[in-house]
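This report refers to the structure that appears directly beneath it.
Coordinate-derived values only; no laboratory data. Only a predicted model underlies this, so the values are computations on that prediction, with no experimental measurement involved. A quick note on method: Cβ atoms are made from the backbone with ideal geometry, for glycine too, and the neighbour counts reach across all protein chains shown.
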Number of protein chains: 2
Amino acid sequence: MATIEDVAREAGVSISTVSYALSGKRAISATTRQRVQDAATKLNYLPHASARMLAANRSHIFAVTAPLHPDTDHSAHMTFAMEVTKAARERDYDTLLLVHKDALEGMKRSAATSLADGIIVLDVDAHDERATLARQLSCPAVFIGIPEDTSGLVCVDLDFEAAAAMAIDRLLDAGRRSIGLISHPEETLVRESNFPLRFRHGFEQHAAERGIDIAVANPTHHRAHEAIAELLERKPDLDAIVLNTNIDVAGSVTAALAGLGRSVPGDVSVVAAGVTFSTLRFPVPFDTIPLDAHASCSAAVDMLARIVENGESPPETTLIPPTYIELGSVARTSATPVAPVTAPAT
Amino acid sequence: MATIEDVAREAGVSISTVSYALSGKRAISATTRQRVQDAATKLNYLPHASARMLAANRSHIFAVTAPLHPDTDHSAHMTFAMEVTKAARERDYDTLLLVHKDALEGMKRSAATSLADGIIVLDVDAHDERATLARQLSCPAVFIGIPEDTSGLVCVDLDFEAAAAMAIDRLLDAGRRSIGLISHPEETLVRESNFPLRFRHGFEQHAAERGIDIAVANPTHHRAHEAIAELLERKPDLDAIVLNTNIDVAGSVTAALAGLGRSVPGDVSVVAAGVTFSTLRFPVPFDTIPLDAHASCSAAVDMLARIVENGESPPETTLIPPTYIELGSVARTSATPVAPVTAPAT
DNA sequence: CTGTTAGCGCGTTCAT
DNA sequence: ATGAACGCGCTAACAG
């Protein structure tokens, strides 16, 4: 309600002095600044958003595109949107939600009208149309997730390949030898959601490096039973499972194994890797290499803010190193451990 | 990039003519309007958001406060946020996400700076602080959910009491006599989230009206087993269950009953009422009286837009009538049906 | 029916 | 270190 002019009058200074005293963009004598700040708090002054935007040619708003697919994990989605919003607020930005139907239209519009200073892109597919659009837009964008072609983009994500390697290493260290991977359902892969592919690639590659043979299965029917049956058929000696899948599937793993007479972690050890959900409530909580929404989102928002404010040009791809959380679902066996590779993966 | 002036020049008219031709707020001759529109599309003109906001004193932005509690159902939350956003876009509004930590601060700020034209309040508690704040703010707000004291507010929600009555009526019509309610976990009730209380109240009241005796249980451990055991202990002849609870509990009902030798719907019929999730993937899909996010959100956004644009003053409370979806989890018994009340609830 | 013009509230040069 | 004045792009009241 109170304008900058009211504050200036109250403090007995000029309008520009108020602006500078509050923004700190120019040196103001301590006493004057104090008077201005007192006046501002007294009048409960807050700059009119649109006026500030127009004058500064900056909206202090980031747009967030969060498409909702039929197979989208709403919980993960919400978590990422929230984390982006929190991270943005810490840097004095608000976030505008863009829904799928008009994800492209929304990006164009918020860029063309200067509604947003930047765009955060969530849930990125391998061949995401939003990547093509982002290259054309003058409005800076940061992707949380990594499309196949990252040229001209700025992308942040968990290092899924390192996470896969870390899961394998932990299981091998515990003496496990026959490892299976339960990946995401077909429908997620078909859409070319990219992170399951990157995880799987890292998994296969690191298994080859460590000289072990592995099996991969995609779950069906939103549960683990079929996938586990498939793994056991191909590797009857299966003694470890890596889960890079959704909560429904992961949550049914222990029951599915029990149904086949296998215990966790004794017969089969389990690691959940690159997942957003917690396994604490599972019958047996699983060791987890989390896909940490907070880490990815605050890194992404940080970059975007620096692009907007300082014109910085971050690298195309920033990979966040994985961390390992032990919850007791990996048990040591007496089997001879596989010899570590000469240069162990970090 | 192109300004209104560019369009005016291109079309050979004045600036204000362009403004009126595009906004339609004044009658413009068809030929002129066409010239203006051609020029606009040719130059790819979109009004600069902040300039429009400042001049019109309207941001075309709604703020959405969506607090995240420990027991929050992320999926439902996301659905509501998305539905609000979609509904808003249909009326040419964008939505700003306000996170919990600074829900109050965010509301104040977006109102005081004229960042938002209105506020949508989600996940309302019985004694929600945001209600108090909304009464003081000059910025209009619409609540999706109903606090205890609605004075001076505008609230929209499913008619939970009618939903409870509808569930009872359906079960009685099918010849069921001994009905139990599984409500939300304690932690949700403690927070005074209001809709479980309204549902329960409607349930008890309608049961009394129809002259039947009922039992109510609150689940624990994120599953139905304990609640069902409790219901059976209190009503050994239990032949129907109404679920007004979360997806984890609802999803385990069939298994819990099976563990006690009861089948669905033969021995025990089940209705899920006032829930956001789908039961289609459950072992036995349940008849559902949905808490329809789309209906609530578009009604709320519609009201908010009309308050902002036309200065309308909607009623304090708008209840959305429930609908019933049959999925086969209610089976008819041969028992003598309870006589319908003289004036059946709608 | 159309053009002219005065702000909207603020950030920021330019003088001082 | 401070103040005066201009302009951001648009809307709306006022003229014609």
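Which whole-number percentage describes the relative contact order of chain B, with Cα contacts under 8 Å and a sequence gap of 6 or more?
Working: 645 pairs, mean separation 59.2, N = 346.
Once normalised by length, the contact order is 17 percent.
Could you identify which residue out of B:Ala49, B:Ala255, B:Ala299 has the top mean-square fluctuation in a GNM of chain B using Cα springs shorter than 10 Å?
It is B:Ala49.
By its C-alpha gyration tensor, with a ≥ b ≥ c as the square roots of the eigenvalues, how is the stretch B:4-56 shaped: rounded for a/c under 1.5, else prolate for a/b larger than b/c, else oblate?
oblate
May I ask you to report, in nm to one decimal and beginning with the shortest, the distances from A:Asp173 to the same position in the other copies, taking label points 7 Å along Cα-to-Cβ?
In ascending order, 6.2 nm.
Once the other residues with Cβ under 12 Å from the Cβ of A:Lys86 are scored (Lys, Arg +1; Asp, Glu -1), what is the net sum? Numbers along the way, then the final one.
Numbers: positive: A:Arg89, A:Arg91, B:Lys101; negative: A:Glu83, A:Glu90, A:Asp94, B:Asp102.
Combined, the nearby Lys, Arg, Asp and Glu give -1.
What are the residues whose amide H is under 5 Å from the amide H of A:Ser178, where those residues sit 5 or more places off or on another chain and H is modelled from the backbone?
For A:Ser178, whose amide H was placed from the backbone, the distant partners under 5 Å are A:Asp239, A:Ala240.
Taking springs between alpha-carbon atoms closer than 10 angstrom, which of B:Thr150, B:Thr113, B:Thr95 fluctuates most in the Gaussian network model of chain B?
Taking springs between Cα atoms under 10 Å, the residue moving most is B:Thr113.
Helix-derived [θ] at 222 nm for chain B: sum -39500 (n - 2.57) over DSSP H runs of at least 4, divide by residue count, nearest 500? Numbers along the way, then the final one.
Details: 14 runs with 149 residues, N = 346.
Mean residue ellipticity, 222 nm, calculated: -13000 deg cm²/dmol.
Write down the Kirkwood hydrodynamic radius of the stretch A:39-86, to one decimal in angstroms, obtained as one divided by the mean of 1/r over all alpha carbon pairs. Write out the running numbers ahead of the final one.
Details: mean 1/r = 0.0718 Å⁻¹.
Hydrodynamic radius (Kirkwood, Cα pairs) of the stretch A:39-86 is 13.9 Å.
Hey, for B:Met1 with labels 7 Å out along Cα-Cβ, what do the inter-copy distances come to in nm, ordered shortest first?
Distances between equivalent label points, in nm: 4.4.
Got a sec? How would B:Tyr20, A:Tyr45, A:Tyr93 order by Cβ neighbour count within 10 Å, fewest to most?
Least crowded to most crowded, the residues run B:Tyr20, A:Tyr45, A:Tyr93.
Treat every Asp and Glu Cβ in the stretch A:4-56 as -1 and every Lys and Arg Cβ as +1, leave all other atoms uncharged, and give the resulting dipole magnitude about the Cα centre to the nearest 20 debye.
180
List, in the order given, every pair from A:Lys42/B:Lys108; B:Lys42/B:Lys86; B:Lys86/B:Lys108 whose Cα-Cα distance in the structure shown is over 22 Å.
Numbers: A:Lys42/B:Lys108 16 Å; B:Lys42/B:Lys86 28 Å; B:Lys86/B:Lys108 24 Å.
Violating the 22 Å limit, Cα to Cα: B:Lys42/B:Lys86; B:Lys86/B:Lys108.
Would you mind listing the distances between the A:Gly266 label point and the same position in each other copy? Use 7 Å along Cα-to-C-beta, nm, one decimal, shortest first.
Taking the point 7 Å beyond Cα along Cα→Cβ, the inter-copy spacings are 3.7 nm.
Rounded, prolate or oblate: which fits the stretch B:160-290 when a ≥ b ≥ c are the square roots of the eigenvalues of the alpha-carbon gyration tensor, with rounded for a/c under 1.5 and prolate only if a/b beats b/c? Don't jump to the answer; show the numbers that get you there.
On the way: a/c = 1.29, a/b = 1.04, b/c = 1.24.
Rounded, since a/c falls under 1.5.
What residue among A:Val13, A:Val271, A:Val242 has the largest mean-square fluctuation in a Gaussian network model of chain A, using Cα springs under 10 Å?
Greatest mean-square fluctuation among the candidates belongs to A:Val13.
Let me check I've understood the local charge: for A:Tyr324, count other residues with C-beta under 9 angstrom from its C-beta, Lys and Arg +1, Asp and Glu -1. What total comes out? Please list the in-between numbers first.
Working: positive: A:Arg170; negative: A:Asp287, A:Glu326.
Around A:Tyr324, the surrounding residues sum to -1.
Need one number for the stretch A:188-252: average projected area of the convex hull over its C-alpha atoms, nm².
For the stretch A:188-252, averaging the hull's shadow over all directions gives 4.6 nm².
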